[in-house]
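Since the structure comes first, as structure tokens, the remarks are kept for the end.
Since every read-out is calculated from the coordinates, none of them should be taken as a lab result. If you're wondering where the values come from, they're calculated on a predicted model, not measured in any experiment. We place every Cβ from the backbone using ideal geometry, glycine too, and count neighbours over all the protein chains shown.
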Amino acid sequence: MEISESDTITPRAPRPTFRWRVVDIVIASVLAVAGGLIFILWNLAYNPVTAPLAAFIPGLQALFHGIWLFPGVLVALIVRKPGAALYGELVAASASVLISGTEWGPLTLLSGLVQGLGAELVLALLLYRMWGLVPAILAGAGAGVGMVVLDLILWYPGAAIEFALIYSVSGIISGAVFAGLGSWLIVRGLARTGALSRFAAGRELGSRVAT
Amino acid sequence: MLAELDLEINPGERVLLLGASGSGKSTLLKAWAGVLGGDDEGVQRGALQVDGRAPSAARGRTGLLLQDPDAQLVLARSGDDVAFGPENLGVPVSEIARRVPDAFAAVGLQFLAAEHDTTRLSGGQKQRLALAGVLAMRPGVLLLDEPTAQLDPVGVREVAGSVAALVADRQITLVVVEHRVDVWAPLVDRVIVLENGCVIADGPIDEVMATRGADLAHGGVWVPGREPRHPAPGLAALGPTVLTARGLAVAQPDGGVIARGIDLDVCGGEVVALTGPNGAGKSTLLLTLAGLLPAAAGSVNLDAGGAPAGDPAEWHSRDLVTRLGVVFQNPEHQFVAVTVRDELAVGPRAAGRDPAEVARVVESLLDVRRDPLHLSALSAANPFTLSGGEQRRLSVATALATAPPILLLDEPSFGQDSRTWAELVALIAVHRDGGGAVVMATHDRALITALSAREFALPAYTPSFASAATLPSAYPVHPAPRAPRTPSALPAPRRQALAERINPVAALAAALIPALLLVVTIDPVSAGVALALQLLLMPFLGVPIRTLALRSIPILIAAPFTALTIVLYGRPSGEIYVEFLLVRISDGSMELALATLLRVLAIALPAVALFSHPDATRLGDALGQTARLPARFVLGAVAAMRLVSVLRADARMLERARRARGIGDRGRVRKLAGIVLGLLVLSLRRGSALAIGMEARGFGAPGPRTWVRPSPWRAIDTAILLVAIAVSITAVMAAVLTGQFTSVFP
């Protein structure tokens with residue numbers, strides 16, 4: 001065994017690729033798992049108070065559901081790879097199931113899958129090249145679309161058209177605000193801490209706010 | 001980071017790589033290990049070879065051990081974790097089965113069960129297990145990056161002892177990066193000193209220490225015989241007693257009592273060091289004294305700062321911050337602002353000081369001429385971007401900014417180099433000499449001596465507890481030294497319930513089938529038939545009824561509410577009974593509500609019954625092998641799941657730190673937002689470290705990987721799937737035959 005270092009020169013230029021590096025996969029996974037943990041905190045605060053109330057609201061409860069959509073958009077904005085939104089949302093959903101035992105079990109995974117797909121489709125339409133505020137909000141809204149479509153089919157198929165409309169609009173707005181704007185703000189906050197230095201998102205935002 | 005470096009290390013050599021912080025020694029080590037990242041992250045010039053090959057091609061030939069024990073353990077079970085590296089390199093399963101027990105024995109962990117939970121080990125044991133994981137890859141070179149920096153003295157001895165035994169026969173080349181020379185001096189025969197990415201000294205240890213010792217000590221290296229100078233001992237006359245504990249028992253929020261019967265008095269002008277073995281409850285006691293954890297029994301009384309005496313656990317956060325300064329073990333738990341300047345202002349502001357006073361305090365701490373913190377040049381920097389030593393000084397300064405009479409510190413000197421250590425000692429000494437009291441939980445003998453601290457030794461809780469802290473009884477531990485069972489050689493446990501034997505992918509699919517098939521119709525007949533058949537079949541799964549009932553509670557609560565929604569807002573038809581704004585209760589909406597109630601139960605109950613025992617490892621194995629999802633992603637998620645307990649502890653610490661900083665009284669939403677952001681920063685830190693640890697273990701290596709844990713697909717799995725499909729189809733057919741079929745699309 002011999003390890004050595006000498007001085008032939010092979011300069012290389014930085015170039016973004018669509019291939020996932022190990023650090024992309026691991027960071028996406030850890031952030032998504034943290035997202036799952038945050039879901040559980042949120043569920044503790046949200047469910048006992050609002051679940052009974054929600055029965056009397058004509059669909060407005062979806063205004064709070066955007067919280068469940070943030071990991072997908074957040075992970076995508078950070079690692080900027082195809083599939084990141086889908087992976088982030090799916091892993092976050094899985095983590096919340098695995099941590100809390102079951103509650104809705106595989107149905108939560110199904111929600112994660114569909115919500116992640118919603119955000120993923122938006123980012124794919126933008127050719128995985130745009131990661132600013134507007135794409136983030138659109139991706140959040142996309143996740144919201146996924147959520148309301150699944151919820152209306154799975155849980156509220158008997159609802160009248162007015163309920164379905166209010167639920168849809170509320171869910172999509174909530175996704176745009178909490179998952180879209182929220183994730184974008186979080187990424188800015190994270191970039192300032194220098195913790196994103198191995199990501200293009202961190203290098204762009206970090207340099208802008210560096211001291 | 002590194003420039004124009006020429007270096008060659010020969011087989012069997014044992015090298016200590018020294019240098020000040022930022023000299024590039026860790027970068028060089030990571031470059032050798034092939035984990036420095038790709039082209040989109042930086043520029044690489046020159047050649048770097050291991051065995052004449054590029055490091056990324058020589059994965060497995062170099063074994064990298066890092067500082068953070070939690071960054072390198074990847075899987076939940078010890079045996080799986082050791083097998084992880086060889087699996088990634090595609091080593092045949094039979095060969096891995098031989099290597100795993102060898103690796104356990106080589107690091108002295110032969111007593112550890114293969115199933116032992118890797119989150120429930122002491123720091124020293126974690127590092128040795130990580131070393132075993134490295135050894136199982138059969139590397140020719142061991143690269144150790146400050147492997148003992150985060151360990152207590154017992155852990156340091158354990159790890160250094162294991163490494164010494166490994167390199168004794170000179171079959172393995174050793175390169176260690178460390179700033180503690182004394183730990184490794186007996187072992188190494190060559191010392192290389194880096195400065196600004198260049199080699200400035202290279203030779204036998206005595207020679208290098210003689211010529212470069214002074215420079216190295218100045219740069220932060222702990223050079224034997226050149227330890228940092230201690231401040232003058234404190235004042236002879238102590239002040240009045242400020243902190244009293246009587247009959248105190250301490251416990252973690254979700255655990256039993258760790259230490260009890262504690263009587264402690266702390267006076268102004270003195271330093272008290274809480275010492276004791278791992279798990280004795282030093283940190284828990286410190287947090288209890290700080291009013292951040294409730295006492296399990298007994299009392300804490302704080303009488304200082306001109307406020308009424310009392311138990312700090314009952315105080316508001318904004319009162320706490322004026323009377324107690326708390327320094328957490330990990331400074332990143334306690335930072336809440338975006339610049340150093342703001343960070344220093346948080347405490348005084350929370351305490352209600354007027355803006356002019358806040359500004360005066362901050363200016364004096366950042367004063368350019370005196371520069372008591374050596375941070376004035378960094379006043380606008382984000383606290384998270386500071387180096388370890390800078391973060392430590394800032395965390396002490398934030399605690400002192402409100403001039404509290406008592407300073408409480410948890411392992412303040414962990415991971416500090418000799419220079420930052422000396423600066424820390426000086427800061428604490430100034431507080432003491434001003435009449436302040438200091439209580440610190442520490443293992444650091446030098447720190448205790450330097451501050452002439454009075455030692456308050458906590459005994460190990462009970463003989464069984466000392467080991468229980470590291471080896472909890474939830475897992476079997478073999479008493480006598482013997483080879484650990486390899487994962488693939490696990491004996492069949494007691495006959496499990498059917499639900500636990502099903503392949504997780506089969507369980508997942510079967511549980512989702514009702515959600516996918518029943519949704520075509522919304523009628524009471526199909527949902528009712530499906531539910532009836534499911535209830536008939538459920539006993540065969542072997543899940544105890546009590547367990548099933550408990551798990552179903554959320555669903556049993558939610559289903560009626562969903563139905564109620566439909567009663568109020570369902571599609572109306574027939575007679576309308578109530579009409580009010582959007583509410584329309586009708587014959588039709590009530591019938592749909594009944595259908596909804598049954599349907600929610602028919603979709604959700606199988607999910608609970610079939611997926612009642614989720615285990616991340618089993619699920620990952622099944623997704624990777626049975627469902628053939630991409631292994632890198634599945635394993636990334638499984639590894640991240642292992643960090644849940646770490647992140648949970650982080651979240652708790654973040655909340656405590658906010659209380660200690662004086663901002664714990666804020667509204668729930670604002671507090672939660674702060675904790676969420678803090679948790680995400682810590683996730684990124686831990687994730688980045690874990691990525692390097694996993695890559696060093698061959699994760700992401702090209703070529704197929706092997707799987708030590710089989711995930712078989714048996715006849716029963718196929719049968720479960722077919723039954724699930726049959727139940728749903730029968731239910732839908734029943735609706736069609738009775739004319740009840742109602743499309744979900746209006």
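Over all other residues within a Cβ to Cβ distance under 13 Å of B:V358, the charged ones net out to -1, with Lys and Arg as +1 and Asp and Glu as -1.
Which shape class, rounded, prolate or oblate, goes with chain B when its Cα gyration tensor gives a ≥ b ≥ c as root eigenvalues, a/c under 1.5 marks rounded, and past that a/b bigger than b/c marks prolate? Oblate, since a/c reaches 1.5 and b/c is not below a/b. Taken about its Cα centre, the protein assembly as shown carries a charge dipole of about 1000 debye when Lys and Arg each add +1 at the Cβ and Asp and Glu each add -1 at the Cβ. Note: relative contact order over chain B, using C-alpha pairs below 8 Å and six or more positions apart, is 18 percent.
Across the options B:L605, B:V361, B:T244, the greatest Cα extent toward the positive end of the charge dipole of chain B (unit charges at beta carbon of Lys, Arg, Asp, Glu) belongs to B:L605.
Distance between the modelled labels on B:A446 and B:H218, one decimal in nanometres: 1.8 nm (7 Å Cα→Cβ projection).
Explain nothing, just the number: dipole magnitude of chain B about its Cα centre with +1 on each Lys and Arg Cβ and -1 on each Asp and Glu Cβ, in debye rounded to the nearest 20.
That gives a dipole near 1460 debye.
Peptides B:350-359, B:381-390 ranked from most to least packed by the mean count of surrounding Cβ atoms within 10 Å: B:381-390, B:350-359.
Protection proxy ranking for B:8-15, B:120-127, using the average of other Cβ atoms within 10 Å per residue and placing the highest first: B:120-127, B:8-15.
Shape class of chain A from the Cα gyration tensor (axes a ≥ b ≥ c, square roots of the eigenvalues): prolate, since a/c reaches 1.5 or more and a/b is larger than b/c.
Roughly what % of DSSP beta bridges within the protein assembly as shown run antiparallel, to the nearest 5? Within the protein assembly as shown, antiparallel bridges account for around 50 percent of the total.
Taking every C-alpha pair closer than 8 Å and separated by at least 6 residues, the mean separation divided by the residue count of region B:232-314 gives a relative contact order of 34 percent. Karplus-derived 3J(HN,Hα) values for region B:80-89, using 6.51 cos²θ - 1.76 cosθ + 1.60 with θ = phi - 60°, are 4, 5, 5, 6, 4, x, x, 4, 4, 7 Hz; glycine and proline are entered as x.
When the charge dipole of the protein assembly as shown is built from unit charges on Cβ atoms (+1 for Lys and Arg, -1 for Asp and Glu) and taken about the Cα centre, the candidate among B:T339, B:V520, A:G171 whose Cα reaches farthest toward its positive end is B:V520. When both region B:71-107 and region B:543-598 are represented by their alpha-carbon centers, they are found 52 Å apart.
Dipole of chain B computed with +1 at Lys/Arg Cβ and -1 at Asp/Glu Cβ about the Cα centre; of B:V82, B:V723, B:V438, farthest Cα towards the positive end is B:V723. Across chain A, the mean sequence separation of Cα contacts (distance under 8 Å, 6 or more residues apart), normalised by length, yields a relative contact order of 24 percent.
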